[in-house]
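Notes for the one structure printed next.
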Amino acid sequence: MESLDWCLIQPKIELHAHLNGSVRDSTLLELARVLGEKGVIDFTAVESVISKDDRSLVECFRLFDLIHVLTTDHATVTRITKEVIEDFASENIVYVELRTTPKKNAVIGMTKRSYMEAVISGLKSIDSVDVDFIPSGKGRQNSSTALACDGMSNGTVRKKIYVRLLLSIDRRETTAAAMETVQLALEMRDLGVVGIDLSGNPVIGEWATFLPALKFAKEQGLAITLHCGEVPDRKEEISAMLDFLPQRIGHACFIKDEERIKLKSSKIPVEICLTSNIRTERFPSLEYHHFIDLYKSKHPMVLCTDDTGVFSTTLSREYSLAASAFGLGRKEMFELTRSAIEFVFADDGVKISLREIFDATTKNFM
Ligand code: 6MZ
């Protein structure tokens, strides 16, 4: 088994991470304690939910609703964004696409736009690492590809992480609400928004509801990733999603028969979240996971975390798990994460920089 240490020091790319699913437990507990003291929630009940390890998909979505109660105010959104990116950078993730669902809360004057501005404030407030989130030619771009991966520097070079944002449409939303999110994404392109994600409880909502907004987003040049085949018996939806030709899909656990053939011939890259899939009982164990089938057929794919907080994992841990479960060595792991450069949603300039970063470290990791 590849040691976790090695998986920690190799540079990595994270393409499927939900902001509110990636909050530190310690932060959630701190926020819950404050709301408990104010009498808004029952802290003891919430504490046991947050600290639980295994949870079904249903329990998982209940937990998201609880997390949203704790985190949905501007200052907290800023704080969790900062912490999540710092955590990713600390494990040598060099490029992350962070996705989040813009939220409204009239009581506290929150609009989808002000929610996203709070996210951007979080990115701006990070000073422990260099954060590159503004696309080139739009102002703040730092063209340097200097990067400190713990395994390759003497610790004097500052770490740098590229961050791009995806706005999520929640499957509970209406067509109009989905359209509002797409419109916001278009307006925030200069601030690093590169695409749209469709996520949320997979047993809720109809594909037809989101299609007009997703079509519009695609026409306007936003990249699209869809949670697809996360639950069984969704043949028609899966087929329609694949026909839509999104730039990537997430999970793909229950894509079978003709849809599987369609997926493979389409070469649509798949974001794989091992721990999330096991914890939510999509597969009895990794031995049954579709990773190995996609990997053997050289289908484009990338390992991701989904929700580091909710599933108590890290991207390094996901690589270590894959190494031990599927027998991949250092070279294969390095190539797997490097291959994701080809399907990040950032512009070509970022892709060139990422190739340079990986090329500069090849000798350390192969
Ligand atoms: C589907 C998921 C998810 O957007 O509030 N989300 N949607 N499947 C999953 N796999 C278990 N994990 C997270 O982050 C939390 C939201 O992301 C989506 C859900 O809509 C959840 O409420 P944000 O930052």
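The values are calculated or read from the model by the stated rules, or taken from the named source; none is laboratory data. Predicted model, so just to flag it, every value in this text is computed and none were measured. In this analysis, Cβ positions are derived from the backbone assuming ideal geometry, glycine residues included, and neighbour counts consider all displayed protein chains. Accessible surface areas use protein heavy atoms only, side chains included; no ligands, DNA or RNA. Shrake-Rupley method; radii C 1.70, N 1.55, O 1.52, S 1.80 Å.
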*DSSP-loop GluC sites (Glu not before Pro) across region 274-366, with at most 12 other Cβ within 10 angstrom*: 281
*Got a sec to turn the phi values of region 342-350 into Karplus ³J(HN,Hα) couplings, 6.51 cos²θ - 1.76 cosθ + 1.60 with θ = phi - 60°, whole Hz, x for Gly and Pro?*
5, 10, 6, 8, 6, 6, 4, x, 5
*asked:* Can you list residues from other chains, or at least 5 along the same chain, whose modelled amide H is less than 5 Å from the amide H of residue 228?
replied: 250, 252
*In the neighborhood of residue 362, defined by Cβ-to-Cβ distances under 13 Å, what is the net charge if each Lys or Arg adds +1 and each Asp or Glu adds -1?*
+2
*What relative contact order, as a whole-number percentage, does the chain give when Cα pairs under 8 Å and 6 or more residues apart are counted?*
21 percent
*Under a point spin-label approximation (7 Å from Cα along Cα-to-Cβ), what is the residue 48-residue 24 distance to one decimal in nm?*
2.7 nm
*Could you calculate the FRET efficiency of residue 264 with residue 37 from 1/(1 + (r/R0)^6), where r is the beta carbon distance between them and R0 is 45 Å, rounded to 0.05?*
0.25
*Among the lysines, which have Cα under 16 Å from the Cα of residue 331 when same-chain residues fewer than 8 positions away are ignored?*
12, 296, 298, 363
_3J(HN,Hα) from dihedral phi, region 67-74, Karplus parametrisation 6.51/-1.76/1.60, rounded to Hz, x for glycine, proline_ = 4, 4, 4, 6, 10, 7, 9, 4
*asked:* Give me the extension gain from residue 359 to residue 157: residue separation times 0.36 nm, minus the current Cα-Cα distance, reported in nm with one decimal.
replied: 71.0 nm
*Once you put a point 7 Å from the Cα of residue 90 and another 7 Å from the Cα of residue 69, both along the Cβ direction, what distance in nm separates them?*
2.8 nm
*Filter the trypsin sites (Lys or Arg not before Pro) in region 291-353 down to the DSSP loop ones having no more than 14 other Cβ atoms within 10 Å, then list what survives.*
298
_I want the local charge near residue 313. Using Cβ-Cβ distances under 14 Å, sum +1 for each Lys or Arg and -1 for each Asp or Glu among the other residues._
-4
_170, 347, 359, ranked by accessible area, largest first (probe 1.4 Å)_ = 359, 347, 170
*By its C-alpha gyration tensor, with a ≥ b ≥ c as the square roots of the eigenvalues, how is region 1-144 shaped: rounded for a/c under 1.5, else prolate for a/b larger than b/c, else oblate?*
oblate
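Could you tell me which trypsin sites (Lys or Arg not before Pro) in region 51-117 are loop residues by DSSP with no more than 12 other beta carbons within 10 angstrom of their beta carbon?
Here the trypsin sites (Lys or Arg not before Pro) that fit, given the DSSP loop and packing criteria, are 52.
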*Taking only protein heavy atoms into account and a 1.4 Å probe, give the accessible area per residue of the chain in Å².*
40 Å²
*With the full set of protein chains in place, find how many percent of the accessible area of the chain is carbon and sulfur; take the probe as 1.4 Å.*
54 percent
*Cα centroid separation, region 288-331 to region 192-264 (Å)*: 21 Å
*Using a/c under 1.5 as the rounded threshold, could you call the chain rounded, prolate or oblate? The axes a ≥ b ≥ c are square roots of the C-alpha gyration tensor eigenvalues, and prolate needs a/b larger than b/c, oblate otherwise.*
rounded
